[in-house]
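Reading through the C-alpha cells given below for one structure.
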Amino acid sequence: MRTYLFDLDGTLLDSIALILTSFHHTSRLHLERELPDSYWLEGTGTPLREQLRKVARSKEELAAMLDTYLGYNLSHHDELAKPYPGVVDVVRTLHARGAKLALVTSKLSRGAERGLHLLGLEEELSVRVCADDVDHGKPHPAPVLMALDALGSSPDDALFIGDSHHDIEAGRRAGVTTVAVTWGPLPRERLASAKPDHWLEEPRQLFEL
C-alpha cells in the first residue's frame, strides 16, 4: 500500500470533548435544550451542516447554529483538542518513506487547517478534502475518490483510516481498503457493524499493514 488517507477528528486529533462541548453550547443557545452525547456521536464523520440540519427548525436557525458552533469551536480549539499519542510520528514516518498521504475529513476547511496546525502536520497532509470541497460528504464515497484523484492513486493501493462507521462506509464504497481505529469515541461494536477490513489498536500497527 502506497496511499494512506486519514480522517481527522477521532483519528488523528482527540477533539471529541471540543466537539461535544460545541454541540451542547449551540443546542442550549438555540434550542434551549441539550441532546445526549450519544446523539451527536452517532453523527461522527458526517458534515456539521448535516448534523445540525436534523435539529434546526428553519434555514435561518440552521445558519445561526452553524455560526454559533464554529465560533465556539474555533475559540476553544487549542484548549480542548490534542493529538492522539503516536499518530504524529506515524504520519511523519510514512511521509518520510515517500507514501502518498491525504486528509479526508467532514470538517470545514478552516477547522481542518486549525487541527493540522495543532498537530504540526500541515506539510505532510498538504492534500486535503474537507466538507466544503464536495457536494456530498461521508458516508458518500466522493471525498475519498477526490483525494485519490488529487494524489494520482488508485483504490487498489489505498487505505482509508478512520474512527467512525461513516468513514468505513465511504472507504468501502470508494473501493479502498478500510481501517478502523479503536481509540476514537465510538464503541468497537458500532464500528464492527460497518465491517472494516482491518483494525488498529495503536497507531504503529499501521506499519504492519
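The values are calculated or read from the model by the stated rules, or taken from the named source; none is laboratory data. This structure is a prediction, so every number in the text was calculated from the model and none was measured. All Cβ positions, even for glycine, are placed from backbone atoms using ideal geometry, and neighbour counts span all protein chains on display.
The set of residues from the range 103-144 being acidic (Asp, Glu) and closer than 18 Å to Ile161 by Cβ comprises just one member, Glu124. Taking only the range 147-201 into account, find how many residues are small (Gly, Ala, Ser) and out of contact with any Asp or Glu (no Cβ under 9 Å at 6 or more places or on another chain). Residues meeting the conditions: 10.
Residues in the range 170-209 that are under 13 Å from Pro139 (Cβ atoms), hydroxyl-bearing (Ser, Thr, Tyr) and out of contact with any Lys or Arg (no Cβ under 8 Å at 6 or more places or on another chain): Ser193 alone.
Residues that are under 20 Å from Thr178 (Cβ atoms), touching a strand residue (DSSP E or B) at 6+ places or on another chain (Cβ under 7 Å) and assigned to a strand (DSSP E or B) within the range 1-24 comprise Thr3, Tyr4, Leu5, Phe6, Leu13, listed in sequence order.
Give the residues of the range 1-38 that are within 16 Å of Arg53 (Cα to Cα), of a type in the set (Ser, Thr, Tyr) and under 17 Å from the mean Cα position of the chain (by Cα), sorted by residue number. Scanning the range 1-38 gives a single hit, Ser22. Screening Glu42 against (1) within 23 Å of Asp132 (Cβ to Cβ); (2) charged (D, E, K, R); (3) in contact (Cβ under 8 Å) with a residue 40 or more places away in the chain leaves a single unmet condition, (3). Considering only the range 144-165, state which residues are without any contact (Cβ under 8 Å) to a residue 60 or more places away in the chain and out of contact with any helix residue (DSSP H, G or I) (no Cβ under 9 Å at 6 or more places or on another chain). Asp149, Ala150, Gly152, Asp156 - these are the residues of the range 144-165 that are without any contact (Cβ under 8 Å) to a residue 60 or more places away in the chain and out of contact with any helix residue (DSSP H, G or I) (no Cβ under 9 Å at 6 or more places or on another chain). Entry remark, the range 145-185: residues being under 20 Å from Pro47 (Cα atoms), among the aliphatic types (A, V, I, L, M) and either assigned by TED's automatic domain parsing to the domain that holds Thr44 or surrounded by fewer than 24 Cβ atoms within 10 Å (Cβ to Cβ) (or both) number 3 in total. Against the test of being exposed (fewer than 14 other Cβ atoms within 10 Å of the Cβ) and either in the same structural domain as Ala180 (by TED's automatic domain parsing) or closer than 22 Å to Glu201 by Cα (or both), the options Ala112, Ala96 yield a single qualifying residue, Ala96. The residues of the range 63-86 that are surrounded by 17 or more Cβ atoms within 10 Å (Cβ to Cβ) and either out of contact with any strand residue (DSSP E or B) (no Cβ under 8 Å at 6 or more places or on another chain) or modelled with pLDDT under 95 (or both), listed by number, are Met65, Leu66, Thr68, Tyr69, Tyr72, Asn73, His77.
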